[in-house]
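Since the structure comes first, as structure tokens, the remarks are kept for the end.
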Amino acid sequence: MADSKRYISKTELETHKKPDDLWISIQGKIYDVTQWSHHHPGGPLPLLNLAGQDATDAFIAYHPGIAWQYLDKFFTGYYLEGYLVSDISKDYRKLAVEFSKMGLFDKKGHGTCILLTIIALLFFTCVYGVLCCDKTWVHLCCGGLMGFLWIQSGWIGHDSGHYTVMSDKNLNRLAQLLTGNCLAGISMGWWKWTHNAHHIACNSLDFDPDLQHMPFFTVSSKFFNSITSAFYGRKLNFDSLTRLLVSHQHWTFYPVMCFARINLFAQSIILLLSKRKVPNKGQEIFGILVFWTWYPLLVSFLPNWYERVMFVVVSFAVTGIQHVQFCLNHFSSSVYVGPPNGNDWCEKQTDGTLNILCSSWMDWFYGGLQFQVEHHLFPRLPRCHLRTISPFVKELCKKHNLAYNCASFWKANAMTIETLKSAALQARVLTNAVPKNLVWEAVNTHG
């Protein structure tokens, strides 16, 4: 009996990758998600980045099983011609099914409630120390506690953006606003916008915003060509100022990280004041206003300007540890130029990530990011299970010769500084030694 299915080729599918004409393939079926992209909970960008190609593995990574039932209304009636599933994808999908059967995606434990309680105690301790004590060292310690509080609230914000950390979505949203916007001054809308793009295009120089830190840092000499950011929609100019700063980036990395929070404040405000569509924008703005009310007010109760400045510096410097942690997971890993490819999803996720070796009693310090490979392959998995699935992921990587890179915290720092130093030295000779720069790129490239 003749096959009655209608097929389109990969070449034809690739023509449907524009905002007003957006098709994707999931398990060989073609879906038109043009209109849905405007309502997609993860925003339109992940769909645009994977448009015109197979996105099955990415769909599995980011959606619960219940999401499959909603796909039919977007089905075009076409199937992808010559659709095949690689051995890597077969095993990856089997793992996802096994973890789902084990209930790992639903069992979140009580970690969030415990952490919220700790954050509340830290907050009131800081307030008490500032208002009721007159010792300078107490005020400085309170600044340190505030930084530690921001780190822990950051982990909740990160987790709640990937999965529901509370008993329902409304409480999850409340946890996001309290720990992100109100307590830390960071827009959860901004974080989800950038973080979703990062996960989809992990370590793509022009699609991953987490590698686009000019004029302060570059991880590859490919930035010297002033590449265009697909995320920001503008050219990242490698001008004389950028060259000067990048030339010394391996020395300025830690000092800049101490004040990296200022950039997050600025990016949050810029997004919320822009015309870009942000879900629950009113809530986002209200949360940011709450932060910029209580934090300056608390600082103002300190007895003199010296203590006020030092309180802010210490709180920023302590939370800078978290910014360093974010960089360790990706700066020294493989990079590439161009959009993500759904056909090598597992390869790109493992190539672009670095795990941090640590004992289980230190898991609180890393917030789950020590299992970066596991997290990128299974982003919806609660962090309390990342150590559990680690042996399975190692076996998957070993079987298919995928990267599974690990390093100690100190080694990861050394690798990051070495990456920055390599790009810095190339930047210094850029204007008068093009051949040498090309040799540097060939020898020291990370992708």
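The values are calculated or read from the model by the stated rules, or taken from the named source; none is laboratory data. What you are looking at is a predicted structure, and each value in this text was computed from that prediction instead of being measured. No Cβ is skipped: glycine too gets one built from the backbone with ideal geometry, and neighbour counts run over all protein chains shown. Areas reflect the complete protein model, heavy atoms only, side chains present, ligands, DNA and RNA absent. Shrake-Rupley method; radii C 1.70, N 1.55, O 1.52, S 1.80 Å.
Considering only residues in region 1-14 that are surrounded by 12 or more Cβ atoms within 10 Å (Cβ to Cβ) and outside any strand (DSSP E or B), the one that is farthest from the chain's Cα centre (by Cα) turns out to be Glu12.
Would you check if Thr136 is open to solvent by 20 Å² or more (accessible area, probe 1.4 Å) and under 18 Å from Gly368 (Cα atoms)?
Numbers: open to solvent by 20 Å² or more (accessible area, probe 1.4 Å): yes; under 18 Å from Gly368 (Cα atoms): no.
No.
Among the residues of region 261-283, those that are open to solvent by 60 Å² or more (accessible area, probe 1.4 Å) and of a type outside the set (D, E, K, R) comprise Ile262, Asn263, Ile269, Ile270, Leu273, Pro279, Asn280, Gln283. Here Met310 passes the criteria (1) under 17 Å from Leu211 (Cα atoms); (2) modelled with pLDDT of 95 or more except the one numbered (1). Could you please let me know if Arg387 is in contact (Cβ under 8 Å) with a residue 24 or more places away in the chain, within 25 Å of His63 (Cβ to Cβ), in contact with a helix residue (DSSP H, G or I) (Cβ under 9 Å, 6 or more places away or on another chain) and surrounded by 22 or more Cβ atoms within 10 Å (Cβ to Cβ)? No, not satisfied.
Can you spot a residue in region 271-281 that is part of a helix (DSSP H, G or I), touching a Cys at 6+ places or on another chain (Cβ under 7 Å) and of a type in the set (A, V, I, L, M, F, W, C)? Working first, answer last.
Applying the first criterion (part of a helix (DSSP H, G or I)) to region 271-281 yields 271-273, 281.
Narrowing the set further to residues that are touching a Cys at 6+ places or on another chain (Cβ under 7 Å) leaves none.
Looking through region 271-281, none of the residues is part of a helix (DSSP H, G or I), touching a Cys at 6+ places or on another chain (Cβ under 7 Å) and of a type in the set (A, V, I, L, M, F, W, C).
Yes or no: region 73-92 includes at least one residue that is under 30 Å from Glu395 (Cβ atoms), open to solvent by less than 40 Å² (accessible area, probe 1.4 Å), touching a Ser or Thr at 6+ places or on another chain (Cβ under 8 Å) and among the charged types (D, E, K, R). Checking region 73-92: not a single residue is under 30 Å from Glu395 (Cβ atoms), open to solvent by less than 40 Å² (accessible area, probe 1.4 Å), touching a Ser or Thr at 6+ places or on another chain (Cβ under 8 Å) and among the charged types (D, E, K, R). Taking every residue in region 124-152 that is under 27 Å from Val324 (Cβ atoms) and pairing it with any residue that is outside any helix (DSSP H, G or I) and modelled with pLDDT of 95 or more, at least 6 positions away or on another chain, the pairs with Cβ-Cβ distances below 8 Å are Val130/Phe301; Val130/Leu302; His139/Leu302. When Phe123, Phe148, Phe207 are checked against the criterion of being aromatic (Phe, Trp, Tyr) and outside any helix (DSSP H, G or I), Phe207 stands alone in meeting it.
Among the residues of region 400-420, what is the count of those that are part of a loop (DSSP other than H, G, I, E, B) and among the polar types (S, T, N, Q)?
Number of matching residues: 2.
Looking at Leu211, is it in the same structural domain as Gln152 (by the TED database), crowded, with 22+ Cβ neighbours inside 10 Å and in contact with a Lys or Arg (Cβ under 7 Å, 6 or more places away or on another chain)?
Numbers: in the same structural domain as Gln152 (by the TED database): yes; crowded, with 22+ Cβ neighbours inside 10 Å: yes; in contact with a Lys or Arg (Cβ under 7 Å, 6 or more places away or on another chain): no.
So Leu211 fails the test.
Please go through region 16-34 and give me each residue that is open to solvent by 80 Å² or more (accessible area, probe 1.4 Å) and either of a type outside the set (Lys, Arg) or touching a Pro at 6+ places or on another chain (Cβ under 8 Å) (or both), ordered by number.
Let us first name the residues in region 16-34 that are open to solvent by 80 Å² or more (accessible area, probe 1.4 Å), namely 17-20, 27.
Across region 16-34, the qualifying residues are Pro19, Asp20, Gln27.
Is it true that Tyr31 is in contact with a Cys (Cβ under 6 Å, 6 or more places away or on another chain), farther than 30 Å from Met146 by Cα and not β-branched (Val, Ile, Thr)? Considered against the rule, which asks whether it is in contact with a Cys (Cβ under 6 Å, 6 or more places away or on another chain), farther than 30 Å from Met146 by Cα and not β-branched (Val, Ile, Thr), Tyr31 comes out as no.
If we keep just the residues of region 221-260 that are part of a loop (DSSP other than H, G, I, E, B) and in contact with a Pro (Cβ under 8 Å, 6 or more places away or on another chain), which is least open to solvent (accessible area, probe 1.4 Å)?
Here is the first cut: in region 221-260, the ones part of a loop (DSSP other than H, G, I, E, B) are 226-227, 230-233, 236-239, 247-248, 259-260.
Going one step further and asking which of them are in contact with a Pro (Cβ under 8 Å, 6 or more places away or on another chain), we end up with 230-232, 239.
On the way: Ala230: 46, Phe231: 13, Tyr232: 70, Asp239: 75 Å².
Here the answer is Phe231.
The selection criterion, being at pLDDT below 95 and either assigned by the TED database to the domain that holds Lys281 or charged (D, E, K, R) (or both), holds for Lys101.
Of the residues examined, Val324 is one that is of a type in the set (A, V, I, L, M), farther than 30 Å from Tyr83 by Cβ and in contact (Cβ under 8 Å) with a residue 60 or more places away in the chain.
Residues to consider are Val314, Val309, Val324, Val335; find the one that is assigned by the TED database to the domain that holds Lys192 and in contact with a Gly (Cβ under 7 Å, 6 or more places away or on another chain).
Numbers: Val309 fails: in contact with a Gly (Cβ under 7 Å, 6 or more places away or on another chain); Val324 fails: in contact with a Gly (Cβ under 7 Å, 6 or more places away or on another chain); Val335 fails: assigned by the TED database to the domain that holds Lys192.
Of the residues listed, the single one that is assigned by the TED database to the domain that holds Lys192 and in contact with a Gly (Cβ under 7 Å, 6 or more places away or on another chain) is Val314.
Looking at region 284-372, the helices (runs of 4 or more DSSP H) lying wholly inside it that each contain 1 or more residues that are in contact with a Lys or Arg (Cβ under 6 Å, 6 or more places away or on another chain) and surrounded by 15 or more Cβ atoms within 10 Å (Cβ to Cβ) sit at 305-328. Only one entry of Ala184, Ala197, Ala175 meets the criterion of being open to solvent by less than 10 Å² (accessible area, probe 1.4 Å) and closer than 29 Å to Glu347 by Cβ, and that entry is Ala197.
Here region 48-72 is the region considered, the condition is being open to solvent by 10 Å² or more (accessible area, probe 1.4 Å) and charged (D, E, K, R), and the residue that is nearest to Lys94 (Cα to Cα) is Asp54. Annotation note: of Leu381, Leu396, the sole residue that is crowded, with 20+ Cβ neighbours inside 10 Å and part of a loop (DSSP other than H, G, I, E, B) is Leu381. Residues considered: Lys90, Lys108. Of these, the only one that is of a type in the set (D, E, K, R) and either under 26 Å from Pro296 (Cβ atoms) or out of contact with any helix residue (DSSP H, G or I) (no Cβ under 9 Å at 6 or more places or on another chain) (or both) is Lys90.
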